[in-house]
Amino acid sequence: MIPPMPPACQRESLRAFVLSLLPAIGVMLALLTGHFGIAGFVFSTTFVIIGIGSVVPRCAMFGPMITRLPAGASGVCLTFDDGPDPSTTPALLDLLEAHEAKAVFFLIGDRAARHPDLVCEIARRGHVIGNHSQTHPSATFWMLRPWQLWREVAGCQETLRGILGQAPLWFRPPVGHHNLFLAAILREIGLTMMIWNCRGFDGVNRDVSAILRSIERGLRPGAIILLHEARPASVEVLRRTLDLIRVRGLDVVPPPVKSVLAPAE
Ligand SMILES: [Zn+2]
C-alpha cells in the first residue's frame with residue numbers, strides 16, 4: 001500500500017505550486033492593465049523556461065541529478081530502463097554475467113509486480129535495482145501534479161520493497177522528464193535522480209548500427225550509458241556495446257556510492 005504524502009512534502013509541493021502560478025498572475029495583471037508586450041514576454045519566457053526544465057533530461061533546473069560518474073571515474077556505468085521483461089531480461093543477465101559486468105536496472109513497478117521472479121533474479125546476480133515509476137506515463141510525466149507524482153514514485157518504491165525487502169536508492173524518470181514538484185518527492189523518499197550522458201536512442205530506433213554509432217560518440221570514462229529492455233534489439237545492442245567498451249579499454253563499474261556525490265552535477 002502506498003503511504004500518504006508526508007505533511008512536510010505536501011507543504012513544499014504547495015509552495016512550488018503557488019510559485020508556478022506567479023507567472024500566470026503576472027500575465028493576467030499585465031493584460032488587465034493593457035501591457036500586452038509585457039504579458040507576451042512573461043508568457044513566452046515562462047513557457048520556454050518550464051519547457052526546457054521539464055523535458056530536457058540533463059537540465060537540473062528543477063532539482064539535483066547525476067548525469068555522469070564522479071570526476072576521476074575511469075569506468076562506465078551501464079543502465080537499463082523499462083524492465084523487467086521476460087523476453088529480454090534473462091538474456092541480458094546472462095550476457096552481463098559472461099562479461100563480469102554489473103549494471104543498474106530501472107524497473108517499472110507494474111511490470112515488476114507481474115514478474116517478481118525476474119526482479120529477484122536481477123538482484124541475485126548482483127545488479128542494482130532502481131525506481132522507474134509505477135506505470136511509466138511517458139507522455140504526461142512532466143505535467144503530473146504532486147499527488148500524481150507521489151503515486152508514481154512512492155508506488156514503485158513500495159512495489160519493489162515488497163518484492164526485494166528493501167527499497168531502491170536511485171530514480172530515473174520516464175523518458176528523462178521532470179518538473180518542479182519532483183525534487184521534493186525524491187528527497188522525501190530518499191531517492192537520487194540518475195540521468196545519463198551516453199545513449200543510442202535504442203528505445204525508439206531499431207537500426208542497431210545507428211544506435212551503436214550514437215553510443216560510441218558518448219563513450220568515455222565516467223559515462224552513464226542508457227539502454228532499454230523489452231526491445232527487439234536489446235540483447236544485440238548490449239552485446240555490441242560491451243564489445244565497444246572492451247575495445248576502448250574501459251571497465252564497467254557500479255553506480256557511485258551516494259556519499260561521494262556532489263549535490264548536483
Ligand atoms: Zn522508460
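The values are calculated or read from the model by the stated rules, or taken from the named source; none is laboratory data. Quick caveat: nothing in here was measured; it's all calculated off a predicted structure. For neighbour counting, all protein chains shown are included, and Cβ atoms are generated from backbone atoms with ideal geometry for every residue, glycine included.
Return the total of residues in region 49-75 being surrounded by 22 or more Cβ atoms within 10 Å (Cβ to Cβ) and either assigned by TED's automatic domain parsing to the domain that holds ILE185 or within 16 Å of the ligand (Cβ to nearest atom) (or both).
1
Please find, among LEU95, LEU78, the residue that is farther than 27 Å from LEU180 by Cα and away from the ligand (no atom under 16 Å from the Cβ).
Going through LEU95, LEU78 in turn, the sole match is LEU95.
Can you pull out every residue in region 2-58 that is under 23 Å from the mean Cα position of the chain (by Cα) and among the aliphatic types (A, V, I, L, M)?
Listed by number, the residues that qualify are ILE2, MET5, ALA16, VAL48, ILE49, ILE50, ILE52, VAL55, VAL56.
Can you find, within region 130-175, the residue that is farthest from the ligand (Cβ to nearest atom) among those that are within 13 Å of the chain's Cα centre (by Cα) and among the charged types (D, E, K, R)?
Among those residues, the one meeting the criterion is GLU152.
Could you tell me which numbered condition PRO86 fails, if it satisfies all but one of (1) under 20 Å from LEU226 (Cβ atoms); (2) assigned to a loop (DSSP other than H, G, I, E, B); (3) more than 14 Å from the ligand (Cβ to nearest atom)?
With (1) under 20 Å from LEU226 (Cβ atoms); (2) assigned to a loop (DSSP other than H, G, I, E, B); (3) more than 14 Å from the ligand (Cβ to nearest atom) applied to PRO86, the lone miss is (1).
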